[in-house]
1. Of all residues in the stretch 47-61 being closer than 11 Å to residue 7 by Cβ and in contact with a strand residue (DSSP E or B) (Cβ under 8 Å, 6 or more places away or on another chain), which is surrounded by the most Cβ atoms within 10 Å (Cβ to Cβ)?
2. Got a sec? Which of 76, 65 is outside any helix (DSSP H, G or I), touching a helix residue (DSSP H, G or I) at 6+ places or on another chain (Cβ under 6 Å) and under 14 Å from residue 2 (Cβ atoms)?
3. Among the residues in the stretch 27-43, are any part of a helix (DSSP H, G or I), at pLDDT 95 or above and closer than 18 Å to residue 8 by Cβ?
4. Across the stretch 50-89, what is the total count of residues that are free of Cβ contacts under 8 Å to residues at least 12 places away in the same chain and farther than 19 Å from residue 12 by Cβ?
């Protein structure tokens, strides 16, 4: 299993559009992906679960991936978050 901790840096946090991008990216990998904060982990491939985290700007997320492409999945999700979900701010 691979894991990372990363801070949400886009202005609007993990809102609906950003959550959809996160889930779509996660779903493109075979690995099981869990994401959470404050000890609460949810399925990273479920839009409803990811949105229920209510991760605003500055929230630190813990992401875990387990499977054959776990490292690639974490790299892609890290890149997406660091690109601010391709939003302007």
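The values are calculated or read from the model by the stated rules, or taken from the named source; none is laboratory data. In this text, all values refer to a predicted model and were calculated from it rather than measured experimentally. Virtual Cβ from ideal backbone geometry, glycine too; neighbours counted across all protein chains shown.
1. Going through the qualifying residues, I end up with 55.
2. Details: 76 fails: outside any helix (DSSP H, G or I).
Every option except 65 fails the conditions.
3. Start the filter on the stretch 27-43 by keeping residues that are part of a helix (DSSP H, G or I), which leaves 27.
Adding the requirement that they be at pLDDT 95 or above leaves 27.
Remaining after also requiring closer than 18 Å to residue 8 by Cβ: none.
Within the stretch 27-43, not a single residue is part of a helix (DSSP H, G or I), at pLDDT 95 or above and closer than 18 Å to residue 8 by Cβ.
4. Kept after step one, since they are free of Cβ contacts under 8 Å to residues at least 12 places away in the same chain, are these residues of the stretch 50-89: 52, 75, 79, 83, 88.
In the following step, the residues that additionally are farther than 19 Å from residue 12 by Cβ were identified as 75.
Result for the stretch 50-89: 1.
Let's see how each residue does on (1) exposed (fewer than 12 other Cβ atoms within 10 Å of the Cβ); (2) touching a residue at least 40 places away in the same chain (Cβ under 8 Å); (3) over 13 Å from the mean Cα position of the chain (by Cα):
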residue: 3; (1), (2), (3): no, yes, no
residue: 9; (1), (2), (3): no, yes, no
residue: 20; (1), (2), (3): no, no, no
residue: 24; (1), (2), (3): no, no, no
residue: 27; (1), (2), (3): no, no, no
residue: 38; (1), (2), (3): yes, no, yes
